[in-house]
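Right, one structure below, let's go through it.
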Amino acid sequence: MLKDSNSDSPKPKLTFGNLVQLVLMGAGAPGLGDYKGTDENGKMLFELEANNLTDEKGESKQTKGKYFNDGYVESDFEVEPPGFWSNLISGGKLQSEWDSKQKEVKSKMKK
């Protein structure tokens with residue numbers, strides 16, 4: 001049976017083009033958006049989707065981020081956590097020691 005091309009069928013949410021774009025972005029290709037064609041000068045035109053990062057009131061979620069207005073915040077650790085490689089070589093022992101020290105510090109601060 002042939003489908004009627006005028007029927008009101010729902011548009012698929014994930015098309016083949018969207019899948020290809022998703023795979024390319026995962027492979028590190030730049031996200032240029034959807035290709036729309038070329039203009040008379042030979043420039044390629046792409047269309048980008050808007051970042052809808054707003055809450056239900058229409059306010060931006062980005063400006064509510066923890067460090068958005070303050071920028072870099074000094075760490076409040078008395079002892080710096082171990083580096084990735086040194087912790088990896090220790091088999092996680094350095095991380096567990098650091099965690100226990102942080103718990104002690106927090107329990108002293110609560111008293």
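The values are calculated or read from the model by the stated rules, or taken from the named source; none is laboratory data. This one's a predicted model, so the numbers in the text were calculated from it and none came from an experiment. All Cβ positions, even for glycine, are placed from backbone atoms using ideal geometry, and neighbour counts span all protein chains on display.
General observations
- Residue among G17, G33 that is at pLDDT below 80 and on the phi > 0 side of the Ramachandran plot: G33
- Within the option set E97, E40, E80, being modelled with pLDDT of 70 or more, of a type outside the set (V, I, T) and surrounded by 11 or more Cβ atoms within 10 Å (Cβ to Cβ) holds for one residue only, E97.
- Top-ranked residue of the stretch 45-77 - restricted to ones that are farther than 30 Å from N18 by Cα and among the basic types (K, R), ranked as modelled with the lowest pLDDT: K66
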